[in-house]
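Q: Sharing a structure below in C-alpha cells format, with a few things to ask.
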Amino acid sequence: MLNPSLADLIGGIQAVTLSDAEAQRRGTQKTVLERKAPPTFDVVIELLDYDRLAVHHNVQKTVDMILRGVPPRPEIRVRTGQGEVEVVQEEQTADLADPAFNQRFPALARASRAKLNHPDGPVAPKEVEIARPPESTVVVKIFPYGIARTRLERAIREKRAPAIVTSDIEGADAVMAIRSTYQNKPRKIKEMAGKNVRTVVVRSNTFANIASALEELIKNPGDAGSPQQLKMDEKALAEVQAGIDTVLASNKPFELAPQSATVRKAQFQIIESRRLASEAVGEDPNRRVRILPVKMA
C-alpha cells in the first residue's frame with residue numbers, strides 16, 4: 001500500500017474530501033484515504049514467518065479496514081511439527097460501507113436517506129427501493145476465459161450492465177475470451193459450439209477492450225447468442241483462415257464475405273495475429289474485409 005508502483009494491485013489509493021455530514025457520520029476528518037478501484041487479486045496470503053501465514057480472504061475489506069484505521073484480523077494458519085496445517089485464528093472483518101465507486105447510485109442513496117429522515121417519519125420501504133432494476137431486465141451470465149475477472153466485474157459495474165460473472169461455463173449465456181486463447185480453440189470453447197452461447201473475442205486483457213466487448217455483448221444478447229448466429233460467426237471466422245492461406249499462397253488480395261461490424265472486428269483481429277494487413281471495403285450491408293498481401297512489422 002505504501003509502494004506507489006504496487007498500490008494498483010490492491011486497487012490504488014486516493015484522497016477523498018467528504019461532506020460535513022458524511023465526515024460527522026463517520027467520525028473522521030473531511031479528507032480521508034479510500035481505495036479507488038477493485039483489487040487485482042481476490043485473496044492475499046501474507047507470510048508471517050517460516051511456518052506461519054495469514055490469509056486475507058477479502059482483499060477489498062482488508063484494504064478498506066487499514067485505510068480507516070481498523071486493524072485487520074486475518075485467518076492465521078500454522079504448520080505443526082507433524083507437517084499438518086492448523087487454523088489458529090478465524091478471519092474477522094468489520095462491516096464497513098463500500099467506497100464511493102462501489103455504490104451504484106450514490107445520488108439515489110442520498111435521496112433515500114433523506115426520505116428516511118423526513119420530519120413526517122420514515123416512508124414505506126416500497127417507496128425507497130428505487131435502485132432496484134426492473135424485473136423484465138435480462139441478466140447475461142458471462143464466463144471469462146483468460147479474462148481478468150476483476151476487470152470484467154469493474155466494467156459491468158461502471159457500465160451498469162445487466163450482467164454478472166459466472167464460474168460455471170455450462171450455465172453461461174456468453175463466453176468472453178482473449179484472442180490468443182480463442183484461436184487455440186481450447187476444449188472448453190469447443191464444447192460450447194452449437195449451444196445457445198455467444199463467444200466474444202477480446203483483443204487484449206485491458207479494461208478498455210473488456211468494457212468495449214461488454215457493450216457489444218449487451219446490445220443484443222438474444223439474437224447474437226442464437227444457434228443460427230453462432231453457426232454464421234463460426235463460418236465467417238473459418239473463412240478468415242482460408243483467406244489468409246490464399247493470400248500467403250497467391251500473394252494477391254482476398255475479399256471475405258460481407259459481415260456485421262462485430263464479426264468484421266473479430267476477423268481483423270485474426271488477420272492481425274498473422275501479421276497481415278487488412279481493410280474494410282464497401283458500404284453496409286455489403287461492407288466486408290479485404291486481406292492484403294502486406295506483411296506487418
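The values are calculated or read from the model by the stated rules, or taken from the named source; none is laboratory data. In this text, all values refer to a predicted model and were calculated from it rather than measured experimentally. Glycine gets a Cβ as well: all are built from the backbone with ideal geometry, and neighbour counts include every protein chain shown.
Q: Restricting attention to the range 65-90, which residues are farther than 19 Å from VAL43 by Cα and either touching a helix residue (DSSP H, G or I) at 6+ places or on another chain (Cβ under 6 Å) or at pLDDT 80 or above (or both)?
A: Across the range 65-90, the qualifying residues are ARG79, THR80, GLY81, GLN82, GLY83, GLU84.
Q: Exactly one condition in (1) buried (at least 16 other Cβ atoms within 10 Å of the Cβ); (2) modelled with pLDDT of 85 or more is not met by ILE164; state its number.
A: All conditions pass for ILE164, except number (1).
Q: Is it fair to say ILE271 is outside the structural domain of MET176 (by TED's automatic domain parsing), modelled with pLDDT of 85 or more, within 22 Å of ASN205 (Cα to Cα) and not hydroxyl-bearing (Ser, Thr, Tyr)?
A: Numbers: outside the structural domain of MET176 (by TED's automatic domain parsing): yes; modelled with pLDDT of 85 or more: yes; within 22 Å of ASN205 (Cα to Cα): yes; not hydroxyl-bearing (Ser, Thr, Tyr): yes.
So ILE271 fits the description; yes.
Q: Which one is modelled with the highest pLDDT, of the residues in the range 247-268 that are touching a helix residue (DSSP H, G or I) at 6+ places or on another chain (Cβ under 6 Å) and either polar (S, T, N, Q) or in a strand (DSSP E or B) (or both)?
A: Among those residues, the one meeting the criterion is PHE254.
Q: Across the range 11-28, what is the number of residues that are exposed (fewer than 10 other Cβ atoms within 10 Å of the Cβ) and either assigned to a strand (DSSP E or B) or outside the structural domain of ASP64 (by TED's automatic domain parsing) (or both)? Walk me through how you get there before you give the answer.
A: Looking only at the range 11-28, we keep the residues that are exposed (fewer than 10 other Cβ atoms within 10 Å of the Cβ), and these are 15, 20, 27.
Checking which are either assigned to a strand (DSSP E or B) or outside the structural domain of ASP64 (by TED's automatic domain parsing) (or both) leaves us with 15.
Qualifying residue count for the region: 1.
Q: Suppose we keep only residues that are out of contact with any Lys or Arg (no Cβ under 9 Å at 6 or more places or on another chain), surrounded by fewer than 20 Cβ atoms within 10 Å (Cβ to Cβ) and closer than 19 Å to ARG151 by Cβ within the range 169-199. Which one would you say is modelled with the lowest pLDDT?
A: Applying the filter and picking the extreme gives THR181.
Q: Return yes when LEU33 is at pLDDT below 85, part of a strand (DSSP E or B) and not assigned by TED's automatic domain parsing to the domain that holds ASN205 and no when it is not.
A: Numbers: at pLDDT below 85: yes; part of a strand (DSSP E or B): yes; not assigned by TED's automatic domain parsing to the domain that holds ASN205: yes.
Spelling it out, LEU33 is indeed at pLDDT below 85, part of a strand (DSSP E or B) and not assigned by TED's automatic domain parsing to the domain that holds ASN205.
Q: Look at ALA242 and say whether it is outside the structural domain of THR181 (by TED's automatic domain parsing), among the hydrophobic types (A, V, I, L, M, F, W, C) and loosely packed, with under 14 Cβ neighbours inside 10 Å. Walk me through it before giving the result.
A: Details: outside the structural domain of THR181 (by TED's automatic domain parsing): yes; among the hydrophobic types (A, V, I, L, M, F, W, C): yes; loosely packed, with under 14 Cβ neighbours inside 10 Å: yes.
Yes: the conditions hold for ALA242.
Q: If the Cβ limit is 6 Å and pairs must be 6+ apart or interchain, which residue in the range 269-294 that is in contact (Cβ under 8 Å) with a residue 40 or more places away in the chain and more than 14 Å from GLU255 (Cα to Cα) pairs with which residue that is of a type outside the set (A, V, I, L, M, F, W, C) and assigned to a helix (DSSP H, G or I)?
A: As it stands, the answer is GLN269/ARG179, since those pairs meet every condition given.
Q: Another one. For the range 3-10, indicate whether the set of residues that are at pLDDT 80 or above and hydroxyl-bearing (Ser, Thr, Tyr) is non-empty.
A: No.
Q: Another question, then. Which of (1) among the β-branched types (Val, Ile, Thr); (2) at pLDDT below 85; (3) more than 25 Å from ALA7 (Cα to Cα) does THR93 not meet, given it meets every other one?
A: It fails just one condition, (3).
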